[in-house]
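These notes are about the structure you will find just below.
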Amino acid sequence: MLLLMITILCTELKSSEITYGFKSPVFTGIGYSSHLLTMQSLAYNRDITIKDKLAAKVAAEQAAAENTPISQFILNLQARVYSQIAAQVTNQLFKSDATSGAFELPDGAFVNWVVNNGNATLTIFDPVLNSTTTLTIPVSSLVLASPGGV
């Protein structure tokens, strides 16, 4: 024990003044602009994350509402009705005495066709996209001979 006391007393002690400094750039001013940019970036990313989560929730709710049995039935029925309309238009285009025709679809869309010189021109207007699609079909070269003919 005595040896320990002698060792402690014989050692040279060194010390310095205790200073305290703030580490936050808000208080020191050092790196303050970087600090502000970081804080703004964090807030922006948090807002974007919240908006994305809300949009995903709304989309999931809408998908769930559209995935009910009655919604699926209505969509399938509409698809079959439009398929029948397309078949009737096709039959009209390939008739030997076809000249023209037109009809209107829901939401203001319309379809009209004209047969001239063996070509059928089918025009479809979509008001939602504000676009017109035009198809030219060479109906005279596509008409097949009747099964009884040679």
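Annotations
- Meets criteria (modelled with pLDDT under 90 and either closer than 22 Å to Thr132 by Cα or β-branched (Val, Ile, Thr) (or both)) for Val58: no
- Flag: Ile74 matches the condition of being at pLDDT 85 or above and farther than 30 Å from Thr121 by Cβ.
- Of all residues in the stretch 21-60, those that are among the β-branched types (Val, Ile, Thr) and not in a helix (DSSP H, G or I) total 1.
- Looking across the stretch 113-132, the residues that are part of a strand (DSSP E or B), among the aliphatic types (A, V, I, L, M) and more than 14 Å from Phe103 (Cα to Cα) come down to Val115, Ala120.
- If you go through the stretch 61-102 and keep only what is surrounded by 10 or more Cβ atoms within 10 Å (Cβ to Cβ) and either of a type in the set (Phe, Trp, Tyr) or not in a helix (DSSP H, G or I) (or both), you end up with Thr68, Phe73, Tyr82, Phe94, Lys95, Ala98, Thr99, Ser100, Gly101, Ala102.
- Contacts under 6 angstrom Cβ, first residue in the stretch 76-94 being touching a residue at least 24 places away in the same chain (Cβ under 8 Å), partner part of a helix (DSSP H, G or I) and surrounded by 10 or more Cβ atoms within 10 Å (Cβ to Cβ), 6 or more apart: Leu93/Val139; Phe94/Val139
The values are calculated or read from the model by the stated rules, or taken from the named source; none is laboratory data. All figures in this text were calculated on a predicted structure; none of them were measured in a lab. Cβ: placed from backbone, ideal geometry, glycine included. Neighbour counts: every protein chain shown.
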